[in-house]
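Before any comments, here is the structure.
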Amino acid sequence: MTLLNTLVTTVLDTASGSIVTFPITGSIVDPAVDHLVVEVFTPNGQATGETFFIGSNPDGQTEPSYLAAADCGMPDPLDTSAIGFPNMHIVMNVTGNVLPVELMTFTIE
């Protein structure tokens with residue numbers, strides 16, 4: 001995988017139960033072939049009583065959802081169904097714009 005961009009932000013307690021939008025830029029060459037992977041990282045807040053639960057539902061998914069938690073013995077991402085959560089389908093909408101493809105001409109000598 002190639003990192004396209006990163007964003008550090010804070011989700012406030014007042015955002016509980018709401019949709020939060022984060023603007024970020026990046027581009028993939030061919031959406032029909034290339035896969036966009038979005039990572040949401042949260043530090044371990046167990047000692048301070050801080051938790052983050054990403055939105056999910058059992059209503060199906062277009063791609064698998066994964067979780068990783070090194071402190072829980074899962075340092076590498078695992079499909080949520082493989083770790084006992086078959087109905088945890090992370091809800092995330094990633095939207096963007098399709099850029100026009102420029103035609104290029106080449107001369108072969």
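Each reported figure results from applying straightforward, stated rules to the coordinates on display, with no laboratory input. What you are looking at is a predicted structure, and each value in this text was computed from that prediction instead of being measured. Reconstructed Cβ throughout: ideal geometry from the backbone, glycine too, with neighbour counts over all protein chains shown.
Determine the equivalent ellipsoid of segment 2-41 by diagonalising the alpha-carbon gyration tensor, then write out the semi-axes as square roots of 5 times the eigenvalues, largest first, rounded to whole Å. Could you put the intermediate results ahead of the total?
Values: eigenvalues 134, 26, 14 Å².
The equivalent ellipsoid of segment 2-41 has semi-axes of 26, 11, 8 Å.
Once fully extended, how much extra length lies between VAL37 and MET92, figured as 0.36 nm per residue of separation less the alpha-carbon to alpha-carbon distance?
On the way: separation 55, 0.36 × 55 = 19.80 nm, distance 1.12 nm.
Gain on stretching VAL37 to MET92: 18.7 nm.
Rounded to whole Hz and in sequence order, give me ³J(HN,Hα) for segment 33-42 from the Karplus expression 6.51 cos²θ - 1.76 cosθ + 1.60, θ = phi - 60°, writing x for Gly and Pro.
Once rounded to whole Hz, the list reads 10, 7, 9, 9, 10, 10, 10, 10, 9, 10.
Based on the Cβ-Cβ distance of PHE53 and SER27, what FRET efficiency does E = 1/(1 + (r/R0)^6) give at R0 = 22 Å, to the nearest 0.05?
After rounding, the FRET efficiency stands at 0.15.
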